[in-house]
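Peer 1: Below is one structure. I have some questions about it.
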Amino acid sequence: MGAGPAALCIASELVQHGLSVSALATHSPQKPWPNTYGIWAKELESLGLESLLEYRWKKTISFFGNGINETGRKPTEHNFDYGLFDQSAFQKALLDKCGDLPWFIETAQDIQFKNSITEVICSSGNIYQARVVIDASGHRSPFIKRPNHGPVAQQAAYGVVGKFSSPPVEENQFVLMDFRPDHLSKSELEEPPTFLYAMDFGKGVFFVEETSLACSPPVSWSKLKERLTSRLSKRGIVIDEIIHEEHCLFPMNLPLPFLNQPLLAFGGSASMVHPASGYMVGALLRRAPSLAKQLAYAISMKPDLDSAELAKSGWQVLWTPELVQRHRLYQFGLQRLMSFDEKLLRSFFDTFFKLPTKDWSGFLANTLNLPRLILVMIRLFFISPTKVKLGMIGIVNFK
């Protein structure tokens, strides 16, 4: 169920494993995806998929100073390639792997479990049956059950692809985070922090996006647009032409689904968004093959398994005990960061990117094993300034 990157990733892998697969979505899988997808290039290289990048930057930097003096203007150099997917090529590659997979353009209204099968009942009245159903329709799915842990923090972003009166970033440059707050009023400094995510597309075209890492309730798109305009104006820049506007909003700390439910999930509906960074596409590409392999194996070894047993088999691979523990650590870290004001958050990230590249990049990609992740978090604590340390343990009003 679904037609976005998560749905196509898992559907294509299931087809590759020789399973009989059908897909159901509210719109055609050919419909262009609306938002951009970024990834550290090494993640794709490890999968042999770097050809799917439309843009790749070697000059990758962030700003964590105050922006007022020369020290505040000095960037942190990441020396680690970043890229944006060629979305049409990425989408086409996955659709090609899906082969002749049949697509039903329907809206699921209810899902019922009868005997050994699952029934998807659509608003049209049509009913579709399967041995197991995978909900990859996104985090808003009403069908996946999960515990209620209170308000969910969301990452929000407003961005513009366009042409500007002067370059908002240098030529061939990618800015992961620009936290410089010199365009903000004193009262705005008390509001939830936001940062600029920006890049040069070449030929006078740039992408700039004001982003709130995580907040509950989320920072509004109108506020983010206002912040972006103010940030550009501070540097004497105006938008001459808007080619595309981007609006993003998704949960960062969505609780894990109940792992004993008979409906399987993948992607946002399975809480696969990285709680500390917001990234997910790399995880989709890495984890889809193992889930598809497990389902194919379970069906071939025990053809009489019912939907609940097949789903359980899938959940066990999708959320292993180690992945669950890593997810909890990331959620704990995010909860602490959400309590930081902009000055403390700038100090935290300035320290974070002083870690060895393999550690901070593995942290952001969720590719560190559990023992290594714990060691990295301990090391980060010990190299952090005192105020950041106190923030990490919950004392955020230290003066």
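The values are calculated or read from the model by the stated rules, or taken from the named source; none is laboratory data. Being a predicted model, the structure only gives us computed values, none of them experimental. Virtual Cβ from ideal backbone geometry, glycine too; neighbours counted across all protein chains shown.
Peer 1: Identify the residue in segment 356-378 that is surrounded by fewer than 17 Cβ atoms within 10 Å (Cβ to Cβ) and not polar (S, T, N, Q) and, among all such residues, is nearest to Gln325 (Cα to Cα).
Peer 2: The selected residue is Leu370.
Peer 1: Can you tell me which residue among Ile117, Ile144, Ile134 is in contact with a Leu (Cβ under 6 Å, 6 or more places away or on another chain), in the same structural domain as Lys312 (by TED's automatic domain parsing) and of a type in the set (Val, Ile, Thr)?
Peer 2: Ile134
Peer 1: Also: State which residue is farthest from Val133 (Cα to Cα) when the search covers only segment 98-116 and only residues that are buried (at least 16 other Cβ atoms within 10 Å of the Cβ) and of a type outside the set (Asp, Glu).
Peer 2: Among those that are buried (at least 16 other Cβ atoms within 10 Å of the Cβ) and of a type outside the set (Asp, Glu), it is Cys98.
Peer 1: Something else now. Looking at Pro255 and the list (1) in contact with a Pro (Cβ under 7 Å, 6 or more places away or on another chain); (2) surrounded by 20 or more Cβ atoms within 10 Å (Cβ to Cβ); (3) of a type outside the set (A, V, I, L, M, F, W, C), which single condition is not satisfied?
Peer 2: So Pro255 meets the others, but not (2).
Peer 1: Another question, if that's okay. Out of Leu295, Leu337, Leu373, report the one residue that is in contact with a helix residue (DSSP H, G or I) (Cβ under 8 Å, 6 or more places away or on another chain) and closer than 30 Å to Val15 by Cα.
Peer 2: Leu295
Peer 1: Going through Pro168, Pro147, Pro142 one at a time, which residue ends up being in contact with a Pro (Cβ under 6 Å, 6 or more places away or on another chain), modelled with pLDDT of 95 or more and in a loop (DSSP other than H, G, I, E, B)?
Peer 2: That would be Pro147, the only listed residue that is in contact with a Pro (Cβ under 6 Å, 6 or more places away or on another chain), modelled with pLDDT of 95 or more and in a loop (DSSP other than H, G, I, E, B).
Peer 1: Return the pair list, or none, for Cβ contacts closer than 6 Å from residues in segment 181-206 that are in contact (Cβ under 8 Å) with a residue 24 or more places away in the chain to residues that are of a type in the set (Val, Ile, Thr) and surrounded by 19 or more Cβ atoms within 10 Å (Cβ to Cβ), at least 6 apart or on different chains.
Peer 2: Sorted first by the residue in segment 181-206, then by its partner, the pairs are Pro192/Val219; Tyr197/Thr211; Ala198/Val169; Ala198/Val175; Ala198/Val208; Asp200/Val169.
Peer 1: Could you tell me how many of the residues in segment 117-137 are assigned to a loop (DSSP other than H, G, I, E, B) and either surrounded by fewer than 17 Cβ atoms within 10 Å (Cβ to Cβ) or among the β-branched types (Val, Ile, Thr) (or both)?
Peer 2: Number satisfying all stated conditions: 6.
Peer 1: For segment 47-95, give me each residue that is among the polar types (S, T, N, Q), touching a Leu at 6+ places or on another chain (Cβ under 8 Å) and under 16 Å from Leu196 (Cα atoms).
Peer 2: Thr60, Ser62 - these are the residues of segment 47-95 that are among the polar types (S, T, N, Q), touching a Leu at 6+ places or on another chain (Cβ under 8 Å) and under 16 Å from Leu196 (Cα atoms).
Peer 1: Does Ile237 satisfy being out of contact with any Leu (no Cβ under 8 Å at 6 or more places or on another chain), outside the structural domain of Glu70 (by TED's automatic domain parsing) and of a type in the set (A, V, I, L, M)?
Peer 2: In short, no.
Peer 1: Here is a follow-up. Report yes if some residue within segment 310-331 is outside the structural domain of Leu184 (by TED's automatic domain parsing), more than 27 Å from Leu44 (Cβ to Cβ), hydroxyl-bearing (Ser, Thr, Tyr) and surrounded by fewer than 20 Cβ atoms within 10 Å (Cβ to Cβ); otherwise report no.
Peer 2: no
Peer 1: Tell me, which residue of segment 172-190 that is in contact with a strand residue (DSSP E or B) (Cβ under 6 Å, 6 or more places away or on another chain) and assigned to a loop (DSSP other than H, G, I, E, B) is nearest to Asn66 (Cα to Cα)?
Peer 2: Arg180
Peer 1: Further question on the same structure: Just wondering, is there one or more residues in segment 166-181 that are more than 28 Å from the chain's Cα centre (by Cα), surrounded by fewer than 23 Cβ atoms within 10 Å (Cβ to Cβ) and not β-branched (Val, Ile, Thr)?
Peer 2: Looking through segment 166-181, at least one residue is more than 28 Å from the chain's Cα centre (by Cα), surrounded by fewer than 23 Cβ atoms within 10 Å (Cβ to Cβ) and not β-branched (Val, Ile, Thr).
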